[in-house]
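Since the structure comes first, as structure tokens, the remarks are kept for the end.
Only the coordinates and a few stated rules stand behind these numbers; no lab work does. Being a predicted model, the structure only gives us computed values, none of them experimental. Reconstructed Cβ throughout: ideal geometry from the backbone, glycine too, with neighbour counts over all protein chains shown.
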Ligand SMILES: Nc1ncnc2c1ncn2[C@@H]1O[C@H](COP(=O)(O)OP(=O)(O)OP(=O)(O)O)[C@@H](O)[C@H]1O
Ligand SMILES: [Mg+2]
């Protein structure tokens with residue numbers, strides 16, 4: 001399965017949530033890979049704690065380099081990093097018993113956004129096909145907004161062979177009026193995913209069925225975590241929540257198109273990283289956050305979560 005993660009705004013929590021989904025998917029035994037298609041800022045190596053890939057890889061030879069070089073046709077295949085073994089994070093240095101392979105395909109250091117060409121889309125399609133053969137889940141972290149990365153992914157997945165492969169689109173947003181509006185724009189308005197997909201020959205209904213939203217860093221306005229707030233603030237927060245639910249429903253970003261919600265987590269607030277069970281046991285991260293990520297991971301593979309409502 002190919003899963004594309006995107007957002008209209010920057011800083012939504014798209015990359016760190018997606019990396020954690022990849023981690024949970026691999027822990028559950030599924031061979032998983034994560035592609036850093038955030039061409040302007042390929043920093044996935046930080047989240048996976050791989051020192052020589054913190055902002056992409058340096059590779060300049062005929063057989064080394066990141067996704068940028070591969071897509072430009074400079075190398076035959078992009079570098080693949082085995083996360084178990086190259087990560088410096090405790091608990092990731094060895095593959096846990098029962099876990100599947102977890103592989104990162106990093107971007108190129110000092111790489112930048114590049115324009116769309118048919119050759120790039122063709123190479124991208126070939127790469128997706130190869131990865132689809134090898135992995136149960138291929139997660140592609142796209143640059144924010146109406147990006148070339150999204151354009152390339154939509155063009156690649158519209159090719160006849162890839163059309164047969166299950167592809168899903170996840171649009172991440174924070175729980176604020178600007179973010180809800182922007183997420184709806186990216187999905188449904190001119191130049192957005194559905195419109196651009198249609199241009200490349202995707203069937204609009206099928207593409208829409210494969211698209212879901214994810215809310216990140218959300219404070220539960222009725223949860224115990226707001227207990228420390230002033231009563232007036234609690235009431236205000238609940239009012240905001242109601243208004244946002246209303247806005248989301250009107251813009252097509254409501255419950256029926258929601259894949260899940262990730263709560264605000266103190267660990268993620270301060271640091272982009274994979275949350276291990278050890279972090280939860282040590283009470284550094286909240287169990288609710290991991291539950292939400294595991295739930296999202298399972299829903300990706302649960303056909304009932306993708307039925308049209
Ligand atoms: N659930 C959460 N709770 C608290 N902080 C979070 C949560 N999710 C993400 N963050 C933090 O928000 C910041 C932005 O997250 P991230 O980099 O994943 O977003 P992004 O949408 O990929 O951003 P960009 O557009 O810059 O690539 C990071 O510092 C991250 O650790
Ligand atoms: Mg990111």
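In nm, to one decimal, how far is the residue 88 label point from the residue 176 one, both placed 7 Å along Cα→Cβ?
It works out to 3.2 nm between the two label points.
Name the residue, out of 45, 29, 66, whose mean-square fluctuation peaks in a Gaussian network model built on the chain with Cα pairs under 10 Å.
Looking only at 45, 29, 66, the biggest GNM fluctuation is shown by 29.
Cα gyration tensor of the range 82-188, axes a ≥ b ≥ c as square roots of the eigenvalues: rounded (a/c below 1.5), prolate (a/b > b/c) or oblate?
Note, shape of the range 82-188 comes out oblate.
For a Förster distance of 25 Å, can you work out the FRET efficiency between the beta-carbons of residue 220 and residue 165, rounded to the nearest 0.05?
0.10
With a ≥ b ≥ c taken as the square roots of the eigenvalues of the C-alpha gyration tensor of the range 146-272, please select rounded if a/c is under 1.5 and otherwise prolate if a/b is larger than b/c or oblate if it is not?
Prolate.
Which value at 222 nm does the chain reach when only helices count, each DSSP H run of 4 or more adding -39,500 (n - 2.57), with the total divided by all residues and rounded to the nearest 500 deg cm²/dmol?
Here the helix-only value at 222 nm equals -11500 deg cm²/dmol.
Rounded, prolate or oblate: which fits the chain, taking a ≥ b ≥ c as square roots of the Cα gyration tensor eigenvalues, rounded meaning a/c under 1.5, else prolate when a/b beats b/c?
Oblate, because a/c is 1.5 or more while a/b does not exceed b/c.
Listing 228, 70 from the residue with the fewest other Cβ atoms within 10 Å to the one with the most, what is the order?
Ranked by crowding around the Cβ, least crowded first: 228, 70.
Per-residue counts of other Cβ atoms within 10 Å, averaged by peptide: what ranking do you get for 231-239, 104-112, highest first?
104-112, 231-239
Within the range 214-235, list the residues whose amide N lies under 14 Å from a label point set 7 Å along Cα→Cβ of residue 291.
Hits in the range 214-235 for residue 291 at 14 Å: 220, 223-225.
Roughly speaking, what is the centre-to-centre gap between the range 44-106 and the range 203-253 when only Cα atoms are used, to the nearest Å?
Cα centroid of the range 44-106 versus Cα centroid of the range 203-253: 35 Å apart.
Say we join alpha carbon atoms closer than 10 Å with springs in a Gaussian network model of the chain; which of 157, 176, 12 then has the biggest fluctuation?
Highest fluctuation among the options: 176.
Got a sec? Which residues in the range 20-34 would a label at residue 95 touch, if it sits 7 Å along Cα→Cβ and we count backbone N under 16 Å?
Residues passing the 16 Å test: 23-34.
Efficiency by 1/(1 + (r/R0)^6): what FRET value for residue 246 and residue 301, r their Cβ-Cβ distance, R0 = 30 Å, to the nearest 0.05?
0.45
Can you tell me what share of the DSSP beta bridges in the chain is antiparallel? A percent to the nearest 5 is fine.
So the antiparallel bridges in the chain amount to around 5 percent.
Quick one: length gained pulling residue 199 to residue 116 fully straight, 0.36 nm per residue minus the C-alpha distance?
Full extension of this stretch gives 28.5 nm more.
Could you give the nm distance between label points at residue 267 and residue 64, where each point is 7 Å from its Cα heading toward the beta carbon?
Once both label points are built, they end up 3.3 nm from each other.
State the extension gain, in nm to one decimal, for the chain segment bounded by residue 189 and residue 52, taking 0.36 nm per residue of separation less the distance between their alpha-carbons.
Contour length minus Cα-Cα distance gives 45.4 nm.
Output the relative contact order of the range 2-306, whole-number percent, from Cα pairs under 8 angstrom with separation of 6+ residues.
For the range 2-306, the relative contact order is 23 percent.
With springs only between Cα atoms under 10 Å, which of 75, 214, 275 fluctuates most in a Gaussian network model of the chain?
75
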